[in-house]
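Notes follow once the structure below has been shown.
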Amino acid sequence: MVPRYARPAMSAIWEAETRYRIWFEIEAHATEKLGELGVVPKTAAKALWDWWATDPKIDVEAIDAIEAVTKHDVIAFLTWVAENVGDEARFMHQGMTSSDVLDTTLAVQLTRATDLLIEDFDQLLTAIERRAKEHKYTPTIGRSHGIHAEPVTFGLKLAQAYAEFDRCKSRLLAAREEIATCAISGAVGTFANIDPSVEEYVAEKMGLRPEPVSTQVIPRDRHAMYFATLAVIAGSIERLAVEIRHLQRTEVLEAEEYFSPGQKGSSAMPHKRNPVLTENLTGQARMIRAYALPALENVALWHERDISHSSVERFIGPDATITLDFALGRLAGVVDKLLVYPERMQANMDRMGGLVHSQRVLLALTQNGVSREDAYRLVQRNAMKVWESDGRLQLLDLLKQDEEVTAAVSERELEEKFDLAYHFRQVDTIFARVFG
């Protein structure tokens, strides 16, 4: 985790003190249920919760010092709790194994992290929807292969982004459902030394569901799916970031990141206004996607359990969620404050002499009896003259002077084919599909 790209609420989920508090709650809830079952004295859970009610400070350094001797983190924690609670603490962890605590804790952390990410999505979607509706009919050029294609609106560009991130949110909700499972099944997952009702009780208290078959660890296909979902979201973040970066290029300059008073773009060139936020988002997206591969590799563990996944998850759990949280928040801010230049959009669209209307002329010729091959040839030979003139010539003028064209399509009909509004007839339909 890099503090520069971390926000406090998400970072707090992964702090050592938070982890130990979750460990305690899992152990105390399990002890409570074991007390109800008569496996341990009910006084054991009471002693634990009474101590907890004093809001004790989790002494991370003391636990770490014990672990330095035991070389086992859960044992170190249980030892520290026993030192503070007293004799009743010996009934903690009855019939449990370390993975019961560790895997259930990771599930709690990931679900809490996901809840924050869902809030991030709501903020991002709100910003995109507002800007999309603001520019619903702002004409701009659509590009394929980076080359002018046909007119669209800037609102449609943003509507596409909204629909994509709405899908991402749905995927994240599904990933939350996938990851929110609890395992309190003991060594090799057979419940030999602990009743399944303990798992059900702890799961309910921690906001999870019992894992159907945990083998001693929660199966890592769940985690692979979760981190793969984060990777897909990162791809969508980069998609929008790259679009904005392109639009900010000097040769394009149809939109750009907000440039605040006092901001500097270059240590050498005072005139620079660089797309640093979206470039940064591209970099963060690369990192988030990179965490998906080790999560996939974690699926294949030895037999009922090994810990080859453990060190991986200590990295990717915090790093992926913290980075994605930061990225979603940053992207929402970029969209919210994005500077949009409709006049430049119109100028860029006009600079190619009407070439963007070539398909409508092609279709008109075919509808008036010209074969598609001949129609394409007629439009293209005029279009290439405009292209090679770098827009100094106008396609409509050349078409009117082409006798083969005017023999099939009148000048008035040709002029109608250059109506920009024609391309936006279905904008309302698309917006209704996206925003309801």
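A few notes on this one:
- Normalising the Debye intensity of the range 1-138 to I(0), with uniform scatterers on Cα atoms only, and taking log10 at q = 0.12 Å⁻¹ returns -0.59.
- As a size descriptor, the averaged projected area of the C-alpha convex hull of the range 106-146 was calculated at 4.9 nm².
- The range 191-346: mean projected area of Cα convex hull, nm²: 13.6 nm²
- If you look at the Cα atoms of the range 396-436, you get an Rg and a Dmax of 15.8, 48 Å.
- Note on Lys400: aspartates and glutamates with a C-alpha under 19 Å away, same-chain residues under 8 apart excluded, are Asp350, Asp374, Glu388, Glu411, Glu413, Glu415, Glu416, Asp419.
- Placing dummy labels 7 Å off each Cα toward the beta-carbon, the span from Ser197 to Arg314 is 3.8 nm.
- P(r) histogram, all alpha-carbon pairs of the range 58-147 included - 10 Å bins from 0, percent: 13, 23, 20, 13, 11, 11, 9, 1
- Surface/4 of the Cα convex hull for the range 1-65, nm²: 5.8 nm²
- Rounded to the nearest 10 degrees, the angle from helix 154-179 to the longest Cα principal axis of the chain is 20 degrees.
- Multiplying the residue separation of Asp87 and Arg143 by 0.36 nm and subtracting their alpha-carbon distance yields 12.9 nm.
- The residue among Ile26, Pro3, Phe77 whose Cα reaches farthest toward the positive pole of the charge dipole of the chain, with charges on the beta-carbon of Lys, Arg, Asp and Glu, is Pro3.
- Inter-label distance, Val427 to Ile118: 3.4 nm, where each label sits 7 Å from its Cα along the C-beta direction.
- Average Cα contact separation per residue, the chain, under 8 Å, 6 or more apart, as relative contact order %: 17 percent
- Every helix of 4 or more DSSP H residues in the chain counts as -39500 (n - 2.57), and over all residues that averages to -20500 deg cm²/dmol at 222 nm.
- Taking only Cα atoms of the range 187-247, radius of gyration then Dmax in Å: 19.2, 63
- Kirkwood-based Rg to Rh ratio, the chain, C-alpha trace: 1.17
- Magnitude of the charge dipole for the range 210-259, about its Cα centre and with charges confined to Cβ atoms of Lys, Arg (+1) and Asp, Glu (-1), is about 300 debye.
- Most positive-pole-ward Cα, Leu393, Ser410, Tyr422, against dipole of the range 384-433 from beta carbon charges: Tyr422
- Rg over Rh, two decimals, the range 129-263 (C-alpha only, Kirkwood Rh): 1.25
- Couplings for the range 205-222, taken from phi via the Karplus curve 6.51 cos²θ - 1.76 cosθ + 1.60 with θ = phi - 60°, read 5, 9, x, 10, 10, x, 6, x, 9, 9, 6, 2, 10, 5, x, 7, 5, 4 Hz in order; Gly and Pro are left as x.
- Nearest-0.05 FRET efficiency for Asp336 and Lys205, computed from C-beta distance (R0 35 Å): 0.35
- Crossing angle, helix 358-367 versus the chain [Cα axis fit, 0-90 degrees, rounded to tens]: 70 degrees
- Taken along its principal axes, the alpha carbon cloud of the range 111-193 reaches lengths of 69, 27, 12 Å, longest axis first.
- Listed residues Ala161, Ala68, Ala44, most fluctuating in the chain (Gaussian network, C-alpha, under 10 Å): Ala68
- Each 10 Å bin from zero up to the one holding the largest Cα-Cα distance in the range 295-335 carries the following percent of pairs: 25, 35, 22, 14, 4.
- Restricted to Cα atoms, the range 279-379 shows a radius of gyration and a Dmax of 26.4, 73 angstrom.
- Around the Cα centre of the range 316-436, unit charges on the Cβ atoms of Lys, Arg, Asp and Glu (plus for the first two, minus for the last two) sum to a dipole of about 200 debye.
- Angle in degrees between helix 98-134 and the longest Cα principal axis of the chain, rounded to the nearest 10: 30 degrees
- In this Cβ point-charge picture (+1 for Lys and Arg, -1 for Asp and Glu), the chain has a dipole of about 1400 debye about its Cα centre.
Here, each number is a calculation from the coordinates, and none is a lab measurement. What you see is a predicted model, and the numbers here were worked out from it, not measured in a lab. Heads up, the Cβs are rebuilt from the backbone with ideal geometry, glycines too, and the neighbour counts pull from every protein chain shown.
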